[in-house]
Structure formats: C-alpha cells, structure tokens
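The values are calculated or read from the model by the stated rules, or taken from the named source; none is laboratory data. Just so you know, these numbers come straight off a predicted model, no measurement behind them. Please note: Cβ atoms are built from the backbone with ideal geometry, for glycine as well, and neighbour counts cover all protein chains shown. Accessible surface areas use protein heavy atoms only, side chains included; no ligands, DNA or RNA. Shrake-Rupley method; radii C 1.70, N 1.55, O 1.52, S 1.80 Å.
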Amino acid sequence: MALMTGEQYIESIKKIKMEIYMFGEKYSNPTESPILRPSLNSVRMTYDLAQMPEYEDLMTVVSPYTGTRVNRFTHIHQSTEDLIKKVKMQRLCGQKTAACFQRCVGMDAFNALFSTTYECDKAHGTNYHENFVKFMKYAAENDLTVDGAMTDPKGDRSLAPHAQVDPDMFLHIVERRPDGIVVRGAKAHQTGICNSHEVIVMPTQSMGPDDKDYAVSFAVPLDTPGLFMIIGRQSCDTRKLEGTTLDVGNSEFGGVEALTIFDDVFVPNDRIFLCGENEFAGMLVERFAGYHRQSYGGCKVGVGDVLIGAAAVAADYNGAAKASHIKDKLIEMTHLNETLYCCGIACSAEGHKTESGNYIIDLLLANVCKQNVTRFPYEIVRLAEDIAGGLMVTAPSEKDLRDEKIGPYIDKYLRGVATVSTENRMKILRLIENLALGTAAVGYRTESMHGAGSPQAQRIMISRQGNLNAKKELAKAIAHIEE
C-alpha cells in the first residue's frame, strides 16, 4: 500500500469502532468531537508532510524490510543519519502544528523492541523478534499510526508490581492459553491513543523474578474487545465547544491523553513480543526511554520555535520590539531552544549499531537532552509570558469582541500599535496563552517535565551511564596518583 494522504488517514480512523469516554459520555469516533479533532489534525500533519516533495527526505525513507518508501515514523533506524533525520523531522512537525503530533512513542517503541526481542530470542530461544518484525512490516506497509503504552498507574510506588494490594496497578497476564494470553490493567497518560490504529504495550520498569506476569509486551488494534479509553481534562479544553477560534489560541491542532483500560484483553500468540522474560523488561524500558528522550530534542524545539516567534510578534504588536531587554529575552529563548536541539543531534550522531542491526542513540546524551527539556521550556515560557504582558490572561472573549455594544470599546482600548488590529493582537496573545498555560501545555510545558520520564528518571540514567570511575582514573593519571 502507498503512503496514506492526510484525508485517507482520517477516513481510516473513522472505520475503527473505538470505545472512548469523555465528560460522562461515550464516543465511538474521535473525528466528530470538537475537543478530540484538533489532536487528530496533529497526527494528520505527519501524513500531509510526507506527501510534499520538499519534505520527502525527512518524512519518508525506503525501508530495507518492505522494499518500499514508508513514513519515517514506522522506520527502523539503519544509521546515525537516520537518527539525525528523525530529530529534524520531529522539529519540522512541531513547527507545523505547535502541538504534540503523537507518532513518536510508537516509532521509539518500534526501535526499542526490534533490538530487545532479538536479544531475548538469542537468550531464550523465543520467537518474539519474528513476531515483531511481522507486525512492524504490517504497520509500515499500511502506513499505520501506532501508539506506545508504557506508563502504568503504579499504585504504591514503594511496592513492586507483584506486591501491590491491587494486582491490576501494573498491567499483567491473568491467563495463558494455547493461542495467546489475556491481560488486565491500565496505561496512563496515553497521548494520541484515540488517533491510532494499533497500540504497542510495554512494561513500565525493570522487573524481578516475582514479576514475570508483569513483564509483557504486545500489540493489539484499538477496537479490541475489553480495551477502552477515558479522556483526561485539560486547562481551557471546553473553549473548543464554544464555537470560537480566537479564544482557543491554536484552533486547528492539539493533543489529548487518555487513561486506557485493558479489561481482560486477549492477545494472540503472533502479537506477543515479551511474555515473562523479566530480565529483558529493564532493557526494553531503558532503550525505549533513551529513544524517546532523544525525541524531545526535536519535537519540543519545533514547538519552541513557534512560541519564540509568537513572543516576537507580541513584542511587535505591543510596540516594544526595539527595547533592549526584549531583544535580550528573545536571544535567551533562542539560545535555550537551540541548546535542546544540539542535545538531540548530539545523541543521534554519537549513536551506534545494536546486535540486531538497528541503531540506538548514545544513552547518556539522550538523558542529558531530556534533563534539559525538563528545565529550559519552563524558562522559555516564562520569558514569553514576560514579553506578552498581562493581557495574555485578562483579555475578554471573542464573543465580547464581536458584540455590537462592547466590541468597539475592546477594539479601542486593547489596541497596541495603531497599524495592528486589536483582533490580531488578541490572536497572538491567545496563542502564547495556549502554549504556556492552555491545552497545548501538555504538548509543551508540563509535558516537558513528565513526558518520557520525570527528571529523576533521567538523573538515574545519567548516573548509570556517566562512567564516574573512568573519570576518577583520568584525574588520578593527571595527578600521578598510584594506588
């Protein structure tokens, strides 16, 4: 099958009978909800860009596994050049949507599973790698969006999965059958799952021998019986129901998350990628986290480009663009944003080939990248809010602006530079509000903190990968210390 167009993608999602709950109501189609549709549009952009000749090299690649040109979001990295192009592609998608475009988790799961299943098969004589390659080719050939589900609710964080009072706090196997397994549990914070064709499930942490039932990875379609989604609230989300585009800030694009329930879901044998081999759970988590922390050096930078641009426009409209402190703040925002990009490119360029043949990033630098992402976007947002001014959060609604009586007063008193309309000034301020505080905060500010693991998760990996003993030996050699 050829690469799908954006419209073909939308039509393909319409055909999937999902079970989605939001505000106490049941939805079967995310394309029909004003709250869910902007998130779908963000994914659509990954299909539209792949159709444009000027982006073909970034968005698509000839797969050695299918022999055809596929969307890079379904690709297995074959070189450090592939890793670098991934980051550049993600920056482009962030620039075009100013939101989370949601296919990164599936791509990162693909590459983590490719090498982990290979090494698990070598150790245990299993056939997980064959299962996964078959699934990967199916997704690539049909240009599918695949969600990645890793984060469990976790319950009491001081207890291992098997020791939880409620065993379902971590997704686990509840029944083994000749033709497959039955699983129960939930996956939290699932961005884009209601816009996906399939979902890959992975364990959320390293597992001990008593946690074998929790060391499970598999893929199932989104219309699998027993699988349903509960959409999470976002700040300002119901603005999308008001029929106004100005107040939303970014009316076309967005992102939503869901608590995804697996209520005794059956998984056939050929869709299982890990089933009780607990010693490989940690490897899968570590590799996936590394790939996904690399991703933030692309996607967050692209959205940051939009926010920096919006702050600069706001300065123009406020008549403050020539002020030295404004120029300095925009320079600082750019410096921080490009530093994140440097980290994404660096961990890609320093990548290496795995035993299975695909390429993985430098794990230390990938974790440094994400550690910076937990900090720099917050400062970029702070500076954007500083430049925008208080009107960003005190401006009246679009309905007030359109009102016959009070609209002229809003137009008169909220105008900045005389040559710029009040409406345009309000539009740019609402965009900054959206990126800093509103429904895009999950795709930029707050998600920069917790996406791909909290800051402490990266610090643990930096400690593991930092090779402190080798650094001690360097110092001893320079100091001529002999022990």
Among beta bridges that DSSP assigns inside the chain, antiparallel share in %, nearest 5: 85 percent
message: I need the Debye-formula profile for the stretch 332-391: one equal scatterer per C-alpha, no solvent, reported as log10 I(q)/I(0) at q = 0.17 1/Å, two decimals.
response: -0.62
query: How large is ³J(HN,Hα), in whole Hz, for each residue of the stretch 343-352 in order, when computed from phi with the Karplus curve 6.51 cos²θ - 1.76 cosθ + 1.60 and θ = phi - 60°, using x for Gly and Pro?
result: 5, x, 5, 5, 5, 6, 5, 8, x, 8
- prompt: Which entries in LYS96/LYS187; LYS14/LYS122; LYS17/LYS88; LYS96/LYS137 show an alpha-carbon gap greater than 32 Å?
  reply: LYS14/LYS122; LYS17/LYS88
Between 0 and 90°, nearest 10: helix 455-465 axis offset from the chain longest Cα axis: 50 degrees
- prompt: How big is the stretch 69-138 in terms of Cα radius of gyration and Dmax, in angstroms?
  reply: 14.1, 45
- prompt: Which of the cysteines found in the chain have nothing to pair with, since no other Cys Cβ lies under 4.7 Å from theirs?
  reply: CYS93, CYS100, CYS104, CYS120, CYS194, CYS236, CYS275, CYS299, CYS342, CYS347
- prompt: In angstroms, what radius of gyration and Dmax does the stretch 29-167 have, counting Cα atoms only?
  reply: 17.7, 55
query: At a probe radius of 1.4 Å, what is the per-residue accessible area of LEU58, in Å² to the nearest 10?
result: 40 Å²
Global geometry of the stretch 49-107, whether rounded, prolate or oblate, following the gyration tensor of its Cα atoms and the 1.5 cut on a/c: prolate
field: Nearest-20 debye value, the stretch 310-350 charge dipole, Cβ charges on Lys, Arg, Asp, Glu
entry: 200 debye
- prompt: What is the stretch 343-430 by shape, rounded, prolate or oblate, if you read a ≥ b ≥ c off the alpha carbon gyration tensor as root eigenvalues and call it rounded for a/c under 1.5, prolate for a/b larger than b/c, and oblate otherwise?
  reply: prolate
statement: Reduced to Cα centres, the span from the stretch 201-225 to the stretch 125-188 in Å works out to 2 Å
- prompt: Taking the Cα centre of each part, how many Å lie between the stretch 392-409 and the stretch 2-72?
  reply: 36 Å
field: Within straight-line cross-link reach of LYS399, aspartates and glutamates at Cα separation under 14 Å, skipping those fewer than 8 residues along the same chain
entry: GLU242, ASP247, ASP411, GLU423
statement: Sorted by accessible surface (1.4 Å probe, heavy atoms of the protein chains only), largest first, ASP179, ASP121 come out as ASP179, ASP121
- prompt: In debye, nearest 20: dipole of the chain around its Cα centre with unit charges on the Cβ of K, R (+) and D, E (-)?
  reply: 960 debye
query: Considering only protein heavy atoms and a 1.4 Å probe, what is the carbon-and-sulfur percentage of the accessible area of the chain?
result: 53 percent
- prompt: Given the protein chains as shown and a 1.4 Å probe, how many square angstrom of HIS124 are accessible, to the nearest 10?
  reply: 90 Å²
- prompt: Hey, what angle do you get for helix 422-436 against the long axis of the chain, alpha-carbon based, 0 to 90 degrees rounded to 10?
  reply: 30 degrees
query: Dividing the Cα radius of gyration by the Kirkwood radius, what Rg/Rh value follows for the stretch 298-405?
result: 1.18
message: Can you show me the helix-derived [θ] at 222 nm for the chain, built from DSSP H runs with n ≥ 4 at -39,500 (n - 2.57) apiece and divided by the number of residues, rounded to the nearest 500.
response: -15000 deg cm²/dmol
field: Net lengthening on full extension, GLN95/ALA123 (0.36 nm per residue, minus Cα-Cα)
entry: 5.8 nm
message: For a bin width of 10 Å, list the pair-distance distribution of the stretch 211-332 built from all Cα-Cα distances, rounded to whole %.
response: 9, 21, 28, 20, 13, 8, 1
query: Taking the Cα centre of each part, how many Å lie between the stretch 453-476 and the stretch 307-330?
result: 39 Å
field: Magnitude of the charge dipole, the stretch 348-452, Cβ model with Lys/Arg +1 and Asp/Glu -1, debye to 20
entry: 240 debye
query: Compactness ratio of the chain: Cα Rg over 2.2 N^0.38 Å, N = residue count?
result: 1.02
- line: Loop-resident trypsin sites (Lys or Arg not before Pro) in the stretch 1-51 with no more than 13 other Cβ atoms inside 10 Å, DSSP not H/G/I/E/B, are LYS15, LYS17
message: Rolling a 1.4 angstrom probe over the protein chains, ignoring ligands and nucleic acids, what is the accessible area of ASP210 in square angstrom, nearest 10?
response: 110 Å²
message: Among GLY232, GLY148, MET202, whose Cα projects farthest towards the positive end of the dipole of the chain, with charges put on the beta-carbon of Lys, Arg (+1) and Asp, Glu (-1)?
response: GLY232
